[in-house]
Amino acid sequence: MSRDHRADGTFVLGVRTTNIYCRPSCPARRPLRQNVIFFKTREEARQQGYRPCLRCKPDEVAGSIALVAKATRLLESASDQDVVRFGALAKSLGTTTATLRRAFMQVTGLRPRELAETLRLAKFKKLLRGGSKITDALYETGYGSSSRVYERSNAQLGMTPATYQKGGKNMKIGYSVTKSKLGDVLVAATERGVSAVYLGDSEPKLVQELREEYPRAEIRAAEHSFEKWVGEIVQRVEGKPPRVELPLDVQATAFQRRVWQELQRIPSGTTKTYSEVAQAIGDPKAVRAVARACATNPVSIVVPCHRVVRQDGNLAGYRWGISRKERLLEQERRAAI
């Protein structure tokens, strides 16, 4: 019902009234429950006389998922940027660049190079947390120069590599976890402002994520130092309009800040597409960069990245789950009436 694309490839659903089968994320209108039958595989659906949906193309997407999985394994094992050049990657997989590009966009919404950069930065962070020297980690992950990694780290580490290497050493971060209609909400902050907002179903898991991100920071449960901020964020999680302005303590590139500021201008109860956000910040060709800025937003809810959707209205991805994104939007729509 939530059209979660992560379930694609795990099963298909057949519609008895039309004799077609679809993938879980099919954007078509959902049929009545009594008209739906579930199959573990596409082959099973075809054996029962069902045809593939022409809109969501379940057969094509299934092949794309397998292709992307193989490509991702190659990207994860690559240590040199030359290995992940688009043409070389396609050739190693026995496919064409056009087919590979289409598969990546269908499954992940990213181009191969964009996914490679994400995987490489994740490896860089892991090496730093493991005690590697910055220069060793830099070249082991294939960065050609220190300026390139510093440029990317400002956007995705939230600080310089030297600070990240120290695991947030000397940083004092307080956190509070409280309940909401959408599950647990973790709010982390420094004395300057809110620096993280996590949503989930397990308090220990949320706290562990925070500790893993800043293993050497002084992290402790806050007492009453930012109780007002926590209350405000929970109100927003439950669809209520902002009452007070929240100070933020996050680092970002100039481009990210432009995107995040534009997201804060989207009225509660409404949405914008990635292309509309790109146009609003005066850079209409930066649609994918806008999507990346949304994905790296550390303070969800305060910067409402859940209000950005795809051109076709599909909710797209959301770090805290598509179902939460859908419920957030529904709550805001009801409150705005």
Checking Q261 against (1) open to solvent by 50 Å² or more (accessible area, probe 1.4 Å); (2) touching a helix residue (DSSP H, G or I) at 6+ places or on another chain (Cβ under 9 Å); (3) polar (S, T, N, Q), which test does it fail? (2)
Need at least 1 residues that are modelled with pLDDT under 85, surrounded by 16 or more Cβ atoms within 10 Å (Cβ to Cβ) and in contact with a strand residue (DSSP E or B) (Cβ under 9 Å, 6 or more places away or on another chain) per element, so show me which helices (runs of 4 or more DSSP H) inside region 1-100 make the cut, counting only ones lying wholly within it. 58-77
Within region 275-293, residues open to solvent by less than 40 Å² (accessible area, probe 1.4 Å) and out of contact with any Gly (no Cβ under 9 Å at 6 or more places or on another chain) come out as S275, V277, A278, I281, A286, A289, V290, A293
Could you grab me the full set of residues in region 308-337 that are open to solvent by 40 Å² or more (accessible area, probe 1.4 Å), outside any loop (DSSP other than H, G, I, E, B) and not charged (D, E, K, R)? S323, A335, A336
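Quick grid of which residues meet (1) among the small types (G, A, S); (2) at pLDDT 85 or above; (3) more than 23 Å from G183 (Cα to Cα); (4) under 17 Å from the mean Cα position of the chain (by Cα):
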| residue | (1), (2), (3), (4) |
| --- | --- |
| I266 | no, yes, yes, no |
| E276 | no, yes, yes, no |
| C294 | no, yes, no, yes |
| R307 | no, yes, no, yes |
| N314 | no, no, yes, yes |
| R333 | no, yes, no, no |
Open to solvent by 20 Å² or more (accessible area, probe 1.4 Å) and more than 24 Å from K125 (Cα to Cα) - does that describe any residue in region 295-307? yes
List the pairs whose first member sits in region 232-251 and is under 15 Å from K179 (Cβ atoms), whose second member is open to solvent by 50 Å² or more (accessible area, probe 1.4 Å), and whose Cβ atoms are under 6 Å apart, counting only residues at least 6 apart or on separate chains? E238/K181
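The values are calculated or read from the model by the stated rules, or taken from the named source; none is laboratory data. Every value quoted in this text rests on a predicted model; they were computed, and no experiment measured them. Heads up, the Cβs are rebuilt from the backbone with ideal geometry, glycines too, and the neighbour counts pull from every protein chain shown. Just so you know, the surface numbers come from the protein's heavy atoms only, side chains and all, with ligands and any DNA or RNA stripped out. Shrake-Rupley method; radii C 1.70, N 1.55, O 1.52, S 1.80 Å.
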